[in-house]
Amino acid sequence: MLCVLAVAAGAHGWLLAHPEHDPRAPLDLNDPVVWATQAKLDALQGDPGLCRAVLERSGIEFEVQPPAGEGPCLRADRTRLGDLPLSPDTPSITCPAAVALYLWERDTVQPVAERHFDQPVASIRHLGAYSCRRLYGRDSGPWSEHATANAIDISGFVLSDGTEISVLSDWDEPGSKSSFLRELRDGACDAFATTLSPDYNEAHADHFHLDQADRGWGSVCR
């Protein structure tokens with residue numbers, strides 16, 4: 001019994017020193033990403049208050065904007081990050097999508113750029129986040145995650161020396177640009193609930209579709 005108590009006390013002390021491993025500890029995005037991180041990220045779905053508390057705790061600059069729209073296109077959660085190199089602007093998206101975008105840029109986009117090109121990404125080009133429409137612009141059927149700005153479409157990247165990398169032009173071309181894009185797609189699959197690339201269908205030939213759909217059963221990575 002004493003041995004069990006000693007092990008339990010040791011484990012408790014270790015968790016206090018390493019809160020990222022404790023599923024009950026508040027999420028801090030500055031902590032290392034470990035096995036417990038995903039469950040904490042999943043808990044942010046549908047809870048803007050909890051999500052924004054994570055951004056504050058992590059020291060990430062953001063702006064909360066008032067709700068907009070109505071019906072299926074009501075954007076009750078409009079959060080704009082202040083420290084991402086997005087172009088032509090930084091759109092308002094849901095807080096969980098913003099957190100995923102932040103992690104993807106920090107943990108995948110920049111390290112992969114340094115590894116392939118020995119320089120950072122200066123600009124991430126996007127095609128927008130909000131669009132009040134159903135999937136593929138159909139007249140009926142499920143609504144797109146873009147209808148609530150719970151998604152963003154990424155079309156390309158500009159390195160610090162001005163080199164441009166385009167999903168449309170470089171995805172199928174041999175060389176470092178294509179390898180770079182494919183690694184970014186794979187990394188997005190770890191951050192977002194949905195990652196769709198040119199490998200999915202022709203409609204995504206020119207961009208990555210990234211969203212935080214609350215499925216409750218895992219992610220889609222294509």
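The values are calculated or read from the model by the stated rules, or taken from the named source; none is laboratory data. Small disclaimer: the values here were computed from a predicted structure and weren't measured. Neighbour counts run over all protein chains shown; Cβ positions are idealised from the backbone, glycine included. Just the protein is used for accessible areas: all its heavy atoms, side chains included, with ligands, DNA and RNA removed. Shrake-Rupley method; radii C 1.70, N 1.55, O 1.52, S 1.80 Å.
Estimated from helical segments only, the mean residue ellipticity of the chain at 222 nm is -9500 deg cm²/dmol, where each DSSP H run of four or more residues counts as -39500 (n - 2.57).
Projecting label points 7 angstrom from Cα along Cα→Cβ for Arg57 and Arg134 puts them 4.0 nm apart. Modelled spin labels at Glu164 and Asp107, positioned 7 Å past Cα toward Cβ, are 3.2 nm from each other.
About its Cα centre, region 33-103 has a charge dipole of approximately 100 debye under the convention of +1 per Lys or Arg Cβ and -1 per Asp or Glu Cβ, with nothing else charged. Probing with 1.4 Å while keeping every protein chain in the model, the per residue accessible area of the chain equals 50 Å².
Between Asp22 and Ser176, take the C-beta separation as r, use R0 = 41 Å, and let me know the FRET efficiency to the nearest 0.05. Using R0 = 41 Å, I get an efficiency of 0.55. Here the accessible area of the chain is 54 percent carbon and sulfur, with a 1.4 angstrom probe and all protein chains present.
When the chain is treated as a Gaussian network with alpha carbon springs shorter than 10 Å, the biggest mean-square fluctuation among Ala43, Ala113, Ala129 belongs to Ala43. At an R0 of 30 angstrom, the distance between the Cβ atoms of Ser123 and Ala43 translates into a FRET efficiency of 0.40. With a cut-off of 13 Å between beta carbons, the residues surrounding Val112 carry a summed charge of -2, where Lys and Arg count +1 and Asp and Glu -1.
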